[in-house]
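Novice: Here it is, the structure in full.
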Amino acid sequence: MDKDNEDLTKVISITLRTAVVVSMFFIVSGVVLMMIKGGGDGYTIAQISSYNTTAPTTLRSNLVPLSNIPSGIMNLDGIYFISLGLWVLIFTPVIVLISAVIDFVVSKNYLYVLLSAIVLTNLTVAIFYIGPYLHLAS
Amino acid sequence: MTEVMTLLKFIEIVAGGIIAGIIGSVTGLGGGSVLVPILTLFYGVPIIFATGASLISTIATSAGSAGTYTKKKIANVKIGVGLEVATTLGAIVGSLTVTVVYKYSLEWVLYLLFGIVILTSIVPTINRGKYEGTKVVKPDFTSRIFQLQGKYYDQNQKKSVEYIGIRWWLGEIIMFFAGMLSGLLGIGSGALKVLGMDWAMNLPMKVTTTTSNFMIGITAATSSSIYWYNGFIQFYLAAATAIGVLIGAIIGSKILLKISNKDVRWVFFAILSYLGVEMALEGLRKGTFISLSGLDRFYIAIVISAILIVSLYVIFRIGERNGQRQ
């Protein structure tokens with residue numbers, strides 16, 4: 001049992017570190033691109049750095065469609081680099097959970113296969129259903 | 001000129017993030033509990049964007065330091081995943097509640113709640129250092145079913161520590177509320193998670209803190225997506241704080257593994273209690289229950305938190321002396 005835990009922690013440790021490095025690469029290059037170009041996604045740097053919650057010109061997350069990320073990256077748009085970096089971070093725990101599920105399956109620990117499957121369901125429901133649904137409703 | 005100003009503003013936020021990351025990582029509360037007060041009180045960021053940025057940096061903190069901890073094999077992944085059943089459900093409930101709060105402009109509730117959460121986090125955090133070893137308890141039926149045992153190597157004591165967890169069900173109940181607070185306030189709810197594992201499940205402090213750090217990321221990811229679609233995440237802020245808090249968390253986790261908790265705790269409690277009182281006062285002011293200028297708020301918070309920390313320190317020392325005499 002301890003052997004399993006050691007292998008699992010090793011995998012998780014590597015996954016987390018890789019994901020953080022990848023995410024930080026995109027976030028930092030996004031910030032650099034944004035500063036060099038003086039903005040991104042059609043917004044000026046002033047609008048991007050604004051904290052005004054009521055102004056429609058303030059750039060906030062609901063104004064950036066995830067489907068535009070690939071083309072935004074191709075255009076070297078800083079905002080989309082940051083977006084991708086942030087989503088890599090949001091997805092990191094999902095990858096960790098999946099590696100935990102696989103490990104529990106391999107060690108035939110069915111109770112924990114079930115528990116981690118429930119957690120994974122909660123996470124995916126929040127990411128793929130509740131969020132987009134709220135977005136459509138508003 | 002504006003570019004230079006924006007760059008400076010960015011670096012300023014990164015610096016705030018580093019401080020929050022260190023304190024959050026060392027105390028096990030997570031960067032968010034310190035980041036949100038810093039952003040709202042000192043940088044003038046609306047709480048809606050502060051909590052959104054905090055959630056993102058909380059994932060970075062968790063991933064950054066959990067990488068270090070799991071490598072040292074202290075965190076218990078199995079117990080962590082089992083408890084995530086409740087925290088992720090709580091996070092969904094919490095982040096859905098928050099959309100209602102903003103819809104009706106009830107932000108003052110969040111400030112007040114934030115202050116209360118920080119202040120009530122302090123006592124469990126103080127007690128945490130008391131039990132460096134493990135209390136010997138009789139395993140209950142959940143210890144066997146949910147396989148709540150493990151061991152780790154303690155660097156300070158230079159020996160392997162074995163432990164057994166109990167009362168899994170009580171841990172789950174507390175974790176639901178930890179998840180809900182996480183979704184409401186954009187924090188990792190480290191204190192409640194620690195309370196659930198240390199007090200309810202009787203796990204050793206080091207296991208509790210590191211497992212909590214590992215769990216925080218999963219909880220925060222659940223809320224983050226809901227925050228994203230609601231437009232609560234402001235890129236400039238989230239990018240700066242993610243970088244800052246991550247750097248802080250890495251520094252903090254290195255400090256944590258080297259020091260015994262006792263040495264530095266009181267400095268952090270003093271900072272935390274000050275931030276807690278400030279947030280609570282700001283909540284009351286925004287809710288128009290009291291009228292205060294920023295400077296008044298500062299002085300009142302300093303005085304109240306000083307009294308609080310000094311009395312806690314005295315109570316703790318007396319308790320410790322009585323404990324030694326027995």
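Read-outs: derived from the displayed coordinates by stated rules, not from any lab. Everything numeric in this text was worked out from a predicted model, so none of it was measured. So basically every Cβ, Gly included, is an ideal-geometry build from the backbone, and we count neighbours across all protein chains shown.
Novice: Return the sequence-ordered ³J(HN,Hα) values of segment B:33-43 in whole Hz as given by the Karplus equation 6.51 cos²θ - 1.76 cosθ + 1.60 applied to θ = phi - 60°, using x for Gly and Pro.
Specialist: Values per residue, Gly and Pro as x: 4, 9, 5, 4, x, 4, 5, 6, 7, 9, 9 Hz.
Novice: Mind sorting A:Thr92, B:Thr99 by how few other Cβ atoms lie within 10 Å of their own Cβ, fewest first?
Specialist: Least to most surrounded, the residues fall as B:Thr99, A:Thr92.
Novice: Can you give the relative contact order of segment B:195-326 as a percent, counting alpha carbon pairs under 8 Å and 6+ residues apart?
Specialist: The normalised contact order for segment B:195-326 reaches 17 percent.
Novice: Separate question: Roughly how far apart, in whole Å, are the Cα centres of segment B:3-43 and segment A:7-79?
Specialist: Spelled out, the Cα-based centre of one part sits 18 Å from the other.
Novice: If you take each beta carbon of peptide A:55-67 and count the beta carbons of other chains within 10 angstrom, what is the mean?
Specialist: Mean partner shielding for this stretch: 4.
Novice: In the neighborhood of B:Ala220, defined by Cβ-to-Cβ distances under 13 Å, what is the net charge if each Lys or Arg adds +1 and each Asp or Glu adds -1?
Specialist: Once all neighbours under 13 Å are counted, the net charge is 0.
Novice: Take peptide B:96-108, look around each residue's Cβ out to 10 angstrom, count Cβ atoms belonging to other protein chains, and average those counts. Please list the in-between numbers first.
Specialist: Details: counts 3, 0, 0, 3, 0, 0, 1, 1, 0, 0, 0, 1, 0.
Per residue, the average neighbour count from other chains is 1.
Novice: Could you pull out which residues in segment B:25-44 have an amide N less than 20 Å from a spot 7 Å beyond the Cα of B:Asp154, following the Cα-Cβ vector?
Specialist: B:26-28
Novice: If the chain between B:Phe42 and B:Asp296 were fully stretched, how many nm would it gain, using 0.36 nm times the residue separation less the Cα-Cα distance?
Specialist: On the way: separation 254, 0.36 × 254 = 91.44 nm, distance 1.46 nm.
Value of the extension gain: 90.0 nm.
Novice: Per residue of A:14-20, what is the mean number of Cβ atoms on other protein chains within 10 angstrom of that residue's Cβ?
Specialist: Other-chain Cβ atoms within 10 Å of each residue's Cβ, averaged: 6.
Novice: Kindly put A:Tyr133, B:Tyr152 in sequence by how many other C-beta atoms sit within 10 Å of each C-beta, fewest to most.
Specialist: A:Tyr133, B:Tyr152
Novice: Still on this model: Grab the other residues whose beta carbon is less than 13 angstrom from that of B:Gly283, score K and R as +1, D and E as -1, and report the net.
Specialist: For residues surrounding B:Gly283, the net value is 0.
Novice: What ³J(HN,Hα) values, in whole Hz, does the Karplus curve 6.51 cos²θ - 1.76 cosθ + 1.60 give for segment B:96-109 when θ = phi - 60°, with x put for Gly and Pro?
Specialist: 6, 4, 5, 5, 5, 4, 6, 4, 9, 6, 9, 3, 4, 4
Novice: Now for a separate question. Can you give me the distance in nm between label points at B:Asp140 and A:Thr44, each placed 7 Å from the Cα along the Cα-to-Cβ direction?
Specialist: Using points 7 Å along Cα→Cβ, the separation is 6.2 nm.
Novice: Listed here are the pairs B:Lys9/B:Lys254; B:Lys151/B:Lys206; A:Lys108/B:Lys206; B:Lys158/B:Lys258; B:Lys9/B:Lys103; B:Lys78/B:Lys151; which of them are more than 21 Å apart at the Cα?
Specialist: Working: B:Lys9/B:Lys254 28 Å; B:Lys151/B:Lys206 11 Å; A:Lys108/B:Lys206 28 Å; B:Lys158/B:Lys258 12 Å; B:Lys9/B:Lys103 29 Å; B:Lys78/B:Lys151 13 Å.
Going by Cα-Cα distance, B:Lys9/B:Lys254; A:Lys108/B:Lys206; B:Lys9/B:Lys103 fall outside the 21 Å limit.
Novice: Given labels modelled 7 Å from the Cα in the Cβ direction, how far is it in nm from A:Ile73 to B:Val109?
Specialist: 3.9 nm
Novice: Mind giving me the FRET efficiency for B:Thr97 and A:Thr57? R0 is 25 Å, r the Cβ-Cβ distance, nearest 0.05 is fine.
Specialist: 0.30
Novice: Next up: List the relative contact order of chain B as a percent without decimals, with contacts defined as Cα pairs under 8 Å and 6+ residues apart.
Specialist: Relative CO of chain B lands at 33 percent.
Novice: Here's another thing I want to ask about it. In what order do B:Ile118, B:Ile173 fall by count of nearby beta-carbon atoms within 10 Å, going from fewest to most?
Specialist: B:Ile173, B:Ile118
Novice: With springs only between Cα atoms under 10 Å, which of B:Arg144, B:Arg297, B:Arg167 fluctuates most in a Gaussian network model of chain B?
Specialist: B:Arg144
Novice: Let me ask something else. Ranked highest first by the average count of other Cβ atoms within 10 Å around their residues, in what order do B:232-241, B:9-18 fall?
Specialist: Output ranking for B:232-241, B:9-18: B:232-241, B:9-18.
Novice: Right, next: Would you please give the residues with an amide H less than 5 Å from that of B:Gln149, counting only those at least 5 places away or on a separate chain, with H modeled from the backbone geometry?
Specialist: B:Gly165
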